[in-house]
Number of protein chains: 2
Amino acid sequence: MTYCLALKLRQGLVFASDSRTTAGIDYIGTYRKMHIFQPSKERLIVMLTSGNLATTQAVLDNLRRDLELNATPENLGSVSYLFEAARYIGRMLSGVVQQYAGAQQDARATLVVGGQIGGQPPELYLVYPEGNYVAATPETPFLQLGEFKYGKPILSRIASADLSLDDAARLALISFDAAMKSNLSVGPPVELAIYPRDSFQFSQQVSFDADSEFFRALCQRWNELLLSAFSQLPRFTWESSGPDGARGG
Amino acid sequence: MTYCLALKLRQGLVFASDSRTTAGIDYIGTYRKMHIFQPSKERLIVMLTSGNLATTQAVLDNLRRDLELNATPENLGSVSYLFEAARYIGRMLSGVVQQYAGAQQDARATLVVGGQIGGQPPELYLVYPEGNYVAATPETPFLQLGEFKYGKPILSRIASADLSLDDAARLALISFDAAMKSNLSVGPPVELAIYPRDSFQFSQQVSFDADSEFFRALCQRWNELLLSAFSQLPRFTWESSGPDGARGG
């Protein structure tokens, strides 16, 4: 499995992805799941991948070839809107999925496509194996791939389009910490990329491996803060008056 | 779906369960998933249920009938160890599952069986639809059923056999809060039962509905504490020195 996360903030976009690829517990590999296309100065497109590795690699090969050959009717260098990129990538994805569907039980993959093109605002899309897509919105500012459940509660509490890019990046890392602590199929290095709106370049692009001092310190501090928060929770009514005291319900 | 949770502490056992039963989003019912058997003064057995409702109700009907008729070779009043109760319930469960397996796509159910019998220590078992079971241990002091992923990270951080019964009950409630905030198929009322070792009765047995003042206050305080904890996390190295400062990796 996989865990990938992207947030759409007023100030820009934040992308994060793990690097573990598994085919059973005794075949564990490390593959980047964050792929960056920058075909021109005013065009930056990020793709996060989950699902069948052969499928996502085939899609990437096609995307790169189309871009290199300036293929028609469209490629990542020629589309005018990011939703057109999502639609084009979705078409390519569903084509690959269908091509291998007969030969393999599950050739499906799901993608996040985000970035900014020219004068358009930054956008973020979840692209399904069927080829269709949904967008992140101010009310739903984050999209997740793969083992998303462990890291979702903290996002539901804190994620908001008004977060600063750095706060959103910090939130992404503690969401990854929850997923990695709970599920062996999500593993380091964790890649993080911060994209400030209208800049057409990442302000930060970092890879945190298992030994990263900052990531370790962040996770350890978060754990301490949670233990401390837990100790400050309200007592049940019966705790102040012994085990036979008033009921808390 | 469902969320049920039980913890095995040095001081006793804590059980919690939601009450939502769904068959699609437009058929939502409320069913208790915590079932209590107390066939004699020194025998208390709790069963938490998840999965196919018809299957768990059939198992409960059989268990109650066997107990009433003092059935041979065994019933919940005659088994000498809690693992025998788990094994007996597991056999009954797998029988019902197999009986309906042909007629229905998924007649499976998974159970938690816990409690204490006579001079034996309290025990907690997860009983699978195949009829076998695993026990909670000091290293793995909690067992979950159903939509377990959302509420697991906080358990992994805090759950320990050394927790007091009241702390374990508080932990159970915030784990339920995470699950209920993230997944509509987990819903109130949340039932909570606290069993102090060797007492053969619950010290507390409470049902928290959506309007419960205490549960609402607890969840709200937990949310505030998490937001405050988040604001205290370490900054990236680049935050102290502007966007072009040193890298955090």
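Each reported figure results from applying straightforward, stated rules to the coordinates on display, with no laboratory input. None of the values given here were measured: they were computed from a predicted structure. Virtual Cβ from ideal backbone geometry, glycine too; neighbours counted across all protein chains shown.
Looking across the stretch B:1-51, the residues that are among the charged types (D, E, K, R), in contact with a strand residue (DSSP E or B) (Cβ under 9 Å, 6 or more places away or on another chain) and more than 25 Å from B:Asp106 (Cα to Cα) come down to B:Lys8, B:Glu42, B:Arg43. If you go through the stretch B:156-172 one residue at a time, how many are at the interface with chain A (Cβ under 9 Å from one of its Cβ atoms) and within 18 Å of B:Ala135 (Cα to Cα)? Looking only at that region, the number is 1. For B:Asp61, the conditions (1) in contact with a Gly (Cβ under 6 Å, 6 or more places away or on another chain); (2) over 28 Å from B:Pro121 (Cβ atoms); (3) of a type in the set (Asp, Glu) all hold with the exception of (1). Test A:Thr55 against the stated conditions and say whether it is within 26 Å of A:Gln205 (Cα to Cα) and assigned to a helix (DSSP H, G or I). Taking the combined requirement at face value, the residue satisfies it. Within the stretch A:61-76, being acidic (Asp, Glu) and in a loop (DSSP other than H, G, I, E, B) holds for one residue alone: A:Glu74. From the list B:Thr2, B:Thr30, B:Thr21, B:Thr72, the lone residue that is of a type in the set (Val, Ile, Thr) and surrounded by 20 or more Cβ atoms within 10 Å (Cβ to Cβ) is B:Thr2. For the stretch A:33-49, filtered to residues that are of a type in the set (Lys, Arg) and surrounded by fewer than 24 Cβ atoms within 10 Å (Cβ to Cβ), the residue that is farthest from A:Phe176 (Cα to Cα) is A:Lys41. In summary, B:Ser78 fulfils each of the numbered conditions (1) touching a residue at least 12 places away in the same chain (Cβ under 8 Å); (2) surrounded by fewer than 23 Cβ atoms within 10 Å (Cβ to Cβ) with the single exception of condition (1).
Considering the stretch A:114-159, and only residues there that are in a loop (DSSP other than H, G, I, E, B), among the charged types (D, E, K, R) and over 26 Å from A:Gln99 (Cα atoms), the residue that is nearest to the chain's Cα centre (by Cα) turns out to be A:Lys149. Among the numbered conditions (1) farther than 20 Å from A:Leu155 by Cα; (2) within 8 Å of another protein chain (Cβ to nearest Cβ); (3) in contact with a helix residue (DSSP H, G or I) (Cβ under 9 Å, 6 or more places away or on another chain), the only one that A:Ala210 does not meet is (2). Those residues that are of a type in the set (Lys, Arg) and farther than 21 Å from B:Glu130 by Cβ, I need them from the stretch B:32-80; list them, please. Scanning the stretch B:32-80 gives B:Arg32, B:Lys41, B:Arg43, B:Arg64, B:Arg65. Scanning the stretch B:183-204 for residues that are surrounded by fewer than 20 Cβ atoms within 10 Å (Cβ to Cβ) and either at the interface with chain A (Cβ under 9 Å from one of its Cβ atoms) or assigned to a helix (DSSP H, G or I) (or both) yields B:Pro196, B:Ser203.
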